[in-house]
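Undergrad: Sending over a structure as structure tokens; questions will come in a sec.
The values are calculated or read from the model by the stated rules, or taken from the named source; none is laboratory data. Bear in mind the structure is a predicted one, so any value in this text is a computation, not a measurement. Don't worry about glycine lacking a Cβ; one is built from the backbone with ideal geometry, like all the others, and counts go over all protein chains shown. Just so you know, the surface numbers come from the protein's heavy atoms only, side chains and all, with ligands and any DNA or RNA stripped out. Shrake-Rupley method; radii C 1.70, N 1.55, O 1.52, S 1.80 Å.
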Amino acid sequence: MTFVAIPGLIGPMLGPVVGGLIVGYFHWRVIFFINIPIGLLGLYLVYQNLPDYREEHTNPLDVIGLILFGSGVALLSYVLEVFGEHTLSGLEILSLLAISVALLAGYGIHAANAAHPLLRMTLLRLRTFRAAVVGGFVTRIGIGGIPFLFPLLYQVGLGFSPIQSGLLMMPQALAAMSLKPAMPGILARFGYKSVLISNTIILGLLIFLFATIGPKTPVWLIVAQVFTYGFFTSLQYTSLNTLVYADVTEEETSSASTIASTLQQMSISFGVASASLVTAFFIPDRFRSNPPEMIHGIHQAFFVLGGLTVLSTIVFRELKPNDGASVSQRRVATASA
């Protein structure tokens, strides 16, 4: 997974810079057209290189579960996207939220009685899977709002150009890419429980430190903070993404991957929504705010997201010292020592 993740980090490294160049020299709408050639290239590479894996026996598609779960998640994502805007009234948002919750609750009842449910919710009984999914969900709410806040802080608060803002986002991806090979050794040496608890606290403290960034902060210090944050963020993602499969059987892998990836995307939406709402709450008038007021609101959002990140350590405390040893090879490393 480390080997696969390193090329995937090229996108987060180059994306903000390319976005800054487009916004700086072209119209912002051009950003959305980049997906077309990249998507076509991806389809071609998949068609040419991906083996045509097929299972000998497949269960029938859970159509009812697909409708209930898919509609509930899609509606919940939409509510999070428009939350805080004035396009919908509070009553309309609450109504949509209630429908979404009802759909997801309906799927939970359906899945408990279906012979072949779309998602095996019984996987949450596994301690490692539950800790990785639930703890990762809460952690990603805190981490997920940071990419939304940084451009606001750089451009609106500090007055940097879109290109400069994009360049200041690169150290995080560079740290994650360059230090990724060391992370399996860290997990093998200390184990998932120790790594996740200590690393989550460190991430929360680093998010707190972002509240010290202001107009007088030297650029080299911002780069150092973002680079350090990128390393510990990458370690967190590596730990969570591998712990998901620690005690999952081969037959359960598909459901485990679907549940984990769905909650990951939902947590990012929650993180952006939380960051925007907290920032707007601490700004007197978000439509006519000046840079100092914007910086103050963003700093307060850093405090809230950092606190939420530290709070997620409660979930990881239920792990046992040897949990995840099957994927971290901790037993092998301890025996050889």
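Undergrad: Only one of Ile143, Ile93 is open to solvent by less than 50 Å² (accessible area, probe 1.4 Å), over 27 Å from Asn241 (Cα atoms) and among the aliphatic types (A, V, I, L, M). Can you tell me which?
TA: Details: Ile143 fails: over 27 Å from Asn241 (Cα atoms).
Ile93 is the lone residue from the list that is open to solvent by less than 50 Å² (accessible area, probe 1.4 Å), over 27 Å from Asn241 (Cα atoms) and among the aliphatic types (A, V, I, L, M).
Undergrad: Separate question: Would the range 220-231 turn up any residue that is under 18 Å from the mean Cα position of the chain (by Cα), under 30 Å from Leu76 (Cα atoms) and touching a residue at least 12 places away in the same chain (Cβ under 8 Å)?
TA: Yes; the residues of the range 220-231 include at least one that is under 18 Å from the mean Cα position of the chain (by Cα), under 30 Å from Leu76 (Cα atoms) and touching a residue at least 12 places away in the same chain (Cβ under 8 Å).
Undergrad: Can you name the residue in the range 199-232 that is open to solvent by less than 70 Å² (accessible area, probe 1.4 Å) and in a loop (DSSP other than H, G, I, E, B) and, of all such residues, is farthest from Ser178 (Cα to Cα)?
TA: The selected residue is Gly214.
Undergrad: What residue, of Ala260, Ala256, Ala246, is of a type in the set (A, V, I, L, M), under 15 Å from the mean Cα position of the chain (by Cα) and farther than 18 Å from Thr309 by Cβ?
TA: Residue meeting the stated conditions: Ala260.
Undergrad: I'm trying to understand the selection: among the residues of the range 16-33, which are more than 14 Å from Gly166 (Cβ to Cβ) and open to solvent by less than 100 Å² (accessible area, probe 1.4 Å)?
TA: Across the range 16-33, the qualifying residues are His27, Val30.
Undergrad: Which number in (1) modelled with pLDDT under 85; (2) among the hydroxyl-bearing types (Ser, Thr, Tyr); (3) surrounded by 18 or more Cβ atoms within 10 Å (Cβ to Cβ) marks the one condition that Thr313 misses?
TA: (1)
Undergrad: What is the residue count in the range 153-207 for residues that are under 14 Å from Ser239 (Cα atoms) and aromatic (Phe, Trp, Tyr)?
TA: Residues that pass the stated criteria total 2.
Undergrad: Being open to solvent by less than 30 Å² (accessible area, probe 1.4 Å) and either part of a loop (DSSP other than H, G, I, E, B) or small (Gly, Ala, Ser) (or both) is true for just one of Gly159, Gly135. Which residue is that? Full working, then the answer.
TA: Values: Gly159 fails: open to solvent by less than 30 Å² (accessible area, probe 1.4 Å).
Sole residue among the options that is open to solvent by less than 30 Å² (accessible area, probe 1.4 Å) and either part of a loop (DSSP other than H, G, I, E, B) or small (Gly, Ala, Ser) (or both): Gly135.
Undergrad: For the range 37-47, indicate whether the set of residues that are open to solvent by less than 100 Å² (accessible area, probe 1.4 Å) and in contact with a helix residue (DSSP H, G or I) (Cβ under 8 Å, 6 or more places away or on another chain) is non-empty.
TA: No, the range 37-47 contains no residue that is open to solvent by less than 100 Å² (accessible area, probe 1.4 Å) and in contact with a helix residue (DSSP H, G or I) (Cβ under 8 Å, 6 or more places away or on another chain).
Undergrad: Evaluate the range 120-131: report whether one residue or more is crowded, with 17+ Cβ neighbours inside 10 Å, touching a residue at least 12 places away in the same chain (Cβ under 8 Å) and in contact with a Pro (Cβ under 8 Å, 6 or more places away or on another chain).
TA: No, the range 120-131 contains no residue that is crowded, with 17+ Cβ neighbours inside 10 Å, touching a residue at least 12 places away in the same chain (Cβ under 8 Å) and in contact with a Pro (Cβ under 8 Å, 6 or more places away or on another chain).
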